[in-house]
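**Q** One structure follows; several queries about it will come next.
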Ligand code: HEC
């Protein structure tokens, strides 16, 4: 008879575990962006132009210089406006929507917001 108890226990415990994992995912989805993940993405995709600290001291091409992402002219812009720039690009800035998912763009933006502090 004890196997029934064991099956029931395993079922109960895995139910608990699964419930916790599912809850964790729901929570991280609700957040606006993960700056830690964004940091890796920024170093890989953005730092070459915007500089490691986002101060706009990377590559300069002819035309508009990379924005200083820590300056008030950027930081006072809304998330929506900056996400649009990240997605669609600008003169001298490539559009990122091909490479970055919506969530990744949010992660990068969350990291950019930490640079200004
Ligand atoms: C090839 C160089 C280059 C790369 C790579 C690049 N940018 Fe840019 N970025 C620019 C330039 C140049 C501008 C300013 C364009 C202008 O002023 O018209 C800009 C502007 C911006 C702005 C707008 C700032 C504002 O005040 O409106 C944001 C936000 C931004 N970049 C974020 C990013 C992020 C995030 C990445 C990486 C995913 C990235 N950029 C990668 C060159 C680059």
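Just so it is clear, none of the values below were taken in a lab; they were calculated from the coordinates. In this text, all values refer to a predicted model and were calculated from it rather than measured experimentally. FYI the Cβ positions are ideal-geometry reconstructions off the backbone, even for glycines, and counts take in every protein chain you see.
**Q** Using the per-residue mean of other Cβ atoms lying within 10 Å as a proxy for protection, in what order, highest first, do the peptides 105-111, 61-67 fall?
**A** Descending packing order for the listed peptides: 105-111, 61-67.
**Q** Taking 0.36 nm per residue of separation and subtracting the Cα-Cα distance, what length does fully extending residue 90 through residue 55 add?
**A** 10.9 nm
**Q** In what sequence, highest mean first, do 76-88, 43-55 appear when ranked by Cβ atoms within 10 angstrom?
**A** 43-55, 76-88
**Q** Next question, about the same structure. So between residue 44 and residue 65, what do we pick up on full extension, going 0.36 nm a residue minus the alpha carbon distance?
**A** So the chain would gain 5.7 nm between residue 44 and residue 65.
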